[in-house]
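A.B. asks: Can you keep this structure in mind? I'll have questions shortly.
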Amino acid sequence: MKSIETYSDYLEVYQKSVSQPEVFWAETAAEFSWIKPWDKVLDWNFNTPEVSWFTGAELNITQNCLDRHLSEYGEKLAVIWEPNDPAEPVRKITYARLHELVCRFANVLVANGTKKGDRICIYMPMVPEAMVAMLACARVGAVHSVVFAGFSAQSISDRINDSGCNMIITADGTMRGDKKINLKEIVDDALQVCPTIKHCIVFKNRGWNIEMKAGRDTWWHSEMHKVNAVHTAEVMKPEDPLFILYTSGSTGKPKGVLHTCCGYMVQTGFSFKTVFNYKPHQIFWCTADVGWVTGHSYIVYGPLLNAATQVMFEGIPTFPDAGRFWDVVDKHEVNIFYTAPTAIRSLMAYGDKYLEDKKLTSLEVLGSVGEPINEEAWYWYHDKVGREHCAIVDTWWQTETGSVLMTPIAGLGVAKPGYAMYPMPGVQPVLVNEKGEEITGNGVEGNLCIKFPWPSMARTVFGDHERFRQTYFSTYPGLYFTGDGCKRDEEGFYRITGRVDDVINVSGHRIGTGEVEDAINDHECVVESAVVGFPHDIKGQGLYAYVICDKPITDLVKLQQEIKQLVNDRIGPFARPDKIQLVRALPKTRSGKIMRRILRKIAEGETSNLGDTTTLLDPAVVEDIKSGVQ
Ligand code: WT7
């Protein structure tokens, strides 16, 4: 396939990718290794919805991530692991060594009874073993369900029970800055209500003294000693499930978004190489956690599919000080750096002194992901971190899309601050109005949909295909609806404006208002609540909760603390509301619907232009709320 080195290359490739999508993706897929090639490139129907790519093929994604590279790149570094504490030793893992670890751990899984199709929960810190665990699952055909190691016990058990995992892989604990995180304790708590879990394998990361439950818990290292390093990858069909990853939506509990083996492989591999314009000598570093889709696609699968060398980091950007990211960049001579706007904004707030004494000369490409990046942060990233010569790739995508769908491609020179710019090859975005009609032309704004399938798209919600259809394919029949608003400017370039549903993006973490409300409503004094987002300087959006209590509250501060703690325990620390206001009632329409638009405006500090309030059951409620703003 033609490589994309200039903007006109891009235009040519893009044109072909939409006029002959099957030819384009077949050529892209030909660069991977196949046990058996496909018979048919694509079958699709966005109404049912059903999508199959590369029917008839046989493959294993880990064979493409590992075995395939051994002859040429066996001694090349796959991972340079940087510990939380810079005084501790760095670990360097070659492709040959990673292959060996994955084969051994695959044998551990088999020895513990794992069969193709089993679901396995992974609750791990940012250590190479997290990657080994994921790849070993994929190698034996088990479906990994990684839960970010910042989620609470309840979130873990909800996810395990939803997908019926029979094993969990975790670690004793991890350090984030100077904070100790006792992962095993949280897992023990979760497993009290998880009857399907038969095995818990524990990686000794910190050497802390932890409890091991006989018959259920075993140590990673002792399991690894019992097996050999020979394992032939399981033969997988293209649409066999690869992983489940839970994500939040407007309503209900988080959904188990399911991705399958083949299309995901083809597009994450292609997109990693293309978006970052990755060259084999370069060192890549993505600061995401493997617990989010960014970690799945651009720490685990994308880089390994390209035999890339990457830095994996256990810690946080502000430990020992706010210069840590830049120290790590210099220490390992990172060429491509990929992070989230929230991290950029928080480091910007610490001041330029933390990067003025750094070299940063190795940097060539800077990526941004997870939320819209404001112009101030974009310029700081470009001018101060990138020293005005690095390409910025503002990559727009979602857990459901599997890989980057819109971005300026590195090195093509066509970019604007805050713009995801143009679609990746093979991606066909459309903007639609309220009625679902396509908005054509430039200088327009609408809801962002995708009108043609792409290989790495999610295939279903685990155990609930109807919910999948309803959530993504029913709002605008025949189109995949992203949930995002988007502008197309006069030149035809795209700018994501943010969610148009009740999903709030807090520091790049996707939070459903309903989930937080459910947690708050569990407080014994609370009868009802409504959570909305408000602009936050560092987090992008913060959470503002309006609560109604049925008992007189004498100590408001105590109530606020208890509510925050409750959300902390039910979901995780990142979902704690920033502001909590006690209200007499919520603004509701006569049909009982909460008018969130009004609550959002009040939370933003807007008190005059609240729009039409005449449909409210009791307009006086609004005045009350305004007078008690936090
Ligand atoms: C939502 C998806 C993609 C991996 C991390 C987040 C927002 C994501 C951008 C961007 C503006 C962005 C969207 C999207 N988003 N990237 N570059 N510019 N907004 O994955 O948790 O599934 O969240 O994040 O609103 O719908 P996610």
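The values are calculated or read from the model by the stated rules, or taken from the named source; none is laboratory data. Small disclaimer: the values here were computed from a predicted structure and weren't measured. As a convention, Cβ positions derive from the backbone with ideal geometry for all residues, glycine included, and neighbour counts pool all protein chains shown. Surface accessibility is based on the protein's heavy atoms, side chains included, excluding ligands, DNA and RNA. Shrake-Rupley method; radii C 1.70, N 1.55, O 1.52, S 1.80 Å.
A.B. asks: Yes or no: region 402-415 includes at least one residue that is under 19 Å from R510 (Cβ atoms) and either touching a Cys at 6+ places or on another chain (Cβ under 7 Å) or in a helix (DSSP H, G or I) (or both).
C.D. replies: No, region 402-415 has no match at all.
A.B. asks: Under 7 Å by Cβ, and 6 or more places apart or on different chains, what pairs join a residue from region 273-293 that is in contact (Cβ under 8 Å) with a residue 40 or more places away in the chain with one that is within 11 Å of the ligand (Cβ to nearest atom) and open to solvent by 10 Å² or more (accessible area, probe 1.4 Å)?
C.D. replies: C286/T294; A288/T294; D289/F148; G291/F148; W292/F148; V293/T399
A.B. asks: For region 172-194, which residues satisfy the criterion of being hydrophobic (A, V, I, L, M, F, W, C) and not in a loop (DSSP other than H, G, I, E, B)?
C.D. replies: M175, I181, L183, I186, V187, A190, L191
A.B. asks: Can you run down the residue pairs with Cβ atoms below 7 Å, 6 or more apart or on separate chains, where the first is in region 391-403 and within 20 Å of F473 (Cα to Cα) and the partner is in a strand (DSSP E or B) and near the ligand (Cβ under 6 Å from one of its atoms)?
C.D. replies: Correct list of pairs: W396/I496; Q398/T482; T399/T247.
A.B. asks: Of all residues in region 409-426, which are more than 12 Å from the ligand (Cβ to nearest atom), of a type in the set (A, V, I, L, M) and touching a residue at least 40 places away in the same chain (Cβ under 8 Å)?
C.D. replies: I409, A410, L412, V414, M424 - these are the residues of region 409-426 that are more than 12 Å from the ligand (Cβ to nearest atom), of a type in the set (A, V, I, L, M) and touching a residue at least 40 places away in the same chain (Cβ under 8 Å).
A.B. asks: R104 is checked against (1) under 26 Å from E314 (Cα atoms); (2) among the basic types (K, R); (3) out of contact with any helix residue (DSSP H, G or I) (no Cβ under 6 Å at 6 or more places or on another chain) and fails just one. What number does that condition carry?
C.D. replies: (3)
A.B. asks: Among the listed residues F534, F574, which satisfies the condition of being among the aromatic types (F, W, Y), under 20 Å from G483 (Cβ atoms) and open to solvent by 20 Å² or more (accessible area, probe 1.4 Å)?
C.D. replies: Exactly one residue qualifies, and that residue is F574.
A.B. asks: Sticking with this one: For the subset of region 504-525 comprising residues that are of a type in the set (A, V, I, L, M, F, W, C) and open to solvent by less than 10 Å² (accessible area, probe 1.4 Å), which member is farthest from the ligand (Cβ to nearest atom)?
C.D. replies: Per the criteria, the residue is I520.
A.B. asks: Sticking with this structure for a sec: For region 416-435, give me each residue that is open to solvent by 20 Å² or more (accessible area, probe 1.4 Å) and closer than 20 Å to V266 by Cα.
C.D. replies: Selection gives Q428 alone.
A.B. asks: Restricting region 452-473 to residues that are more than 30 Å from E27 (Cβ to Cβ) and in contact with a strand residue (DSSP E or B) (Cβ under 8 Å, 6 or more places away or on another chain), which is farthest from the ligand (Cβ to nearest atom)?
C.D. replies: Out of the qualifying residues, it is G463.
A.B. asks: Let me ask another. Residue check, L59 against (1) in the same structural domain as S152 (by TED's automatic domain parsing); (2) under 19 Å from Y301 (Cα atoms), all met but one. Which one?
C.D. replies: Among (1) in the same structural domain as S152 (by TED's automatic domain parsing); (2) under 19 Å from Y301 (Cα atoms), the lone unmet condition for L59 is (1).
A.B. asks: Considering only region 400-446, state which residues are of a type in the set (D, E, K, R) and over 16 Å from F493 (Cα atoms).
C.D. replies: Within region 400-446, E400, E434, K435, E437, E438 meet the criteria.
A.B. asks: Looking only at region 268-286, filter to residues that are farther than 16 Å from V404 by Cα and assigned to a loop (DSSP other than H, G, I, E, B); which one of those is nearest to the ligand (Cβ to nearest atom)?
C.D. replies: Q282
A.B. asks: In region 343-358, is there at least one residue being crowded, with 18+ Cβ neighbours inside 10 Å and under 20 Å from F493 (Cα atoms)?
C.D. replies: Checking region 343-358: not a single residue is crowded, with 18+ Cβ neighbours inside 10 Å and under 20 Å from F493 (Cα atoms).
A.B. asks: Another one. Which of the residues spanning region 348-377 are more than 24 Å from D289 (Cβ to Cβ) and within 16 Å of the ligand (Cβ to nearest atom)?
C.D. replies: Result: E375, E376.
A.B. asks: Where residues in region 564-580 are more than 19 Å from the chain's Cα centre (by Cα) and β-branched (V, I, T), which of them is farthest from D518 (Cα to Cα)?
C.D. replies: Per the stated criteria, the residue is I580.
A.B. asks: Hey, does region 597-604 have a residue that's basic (K, R) and either assigned to a loop (DSSP other than H, G, I, E, B) or over 34 Å from the mean Cα position of the chain (by Cα) (or both)?
C.D. replies: Within region 597-604 (the criterion being basic (K, R) and either assigned to a loop (DSSP other than H, G, I, E, B) or over 34 Å from the mean Cα position of the chain (by Cα) (or both)), the answer is no, since none of the residues qualifies.
A.B. asks: If you don't mind, another one. If you go through region 77-97 one residue at a time, how many are open to solvent by 40 Å² or more (accessible area, probe 1.4 Å) and not in a strand (DSSP E or B)?
C.D. replies: 7
A.B. asks: Inside region 389-408, can you point out the residues that are more than 6 Å from the ligand (Cβ to nearest atom) and either at pLDDT below 95 or more than 13 Å from I373 (Cβ to Cβ) (or both)?
C.D. replies: Listed by number, the residues that qualify are H389, C390, A391, E400, T401, G402, S403, V404, L405, M406.
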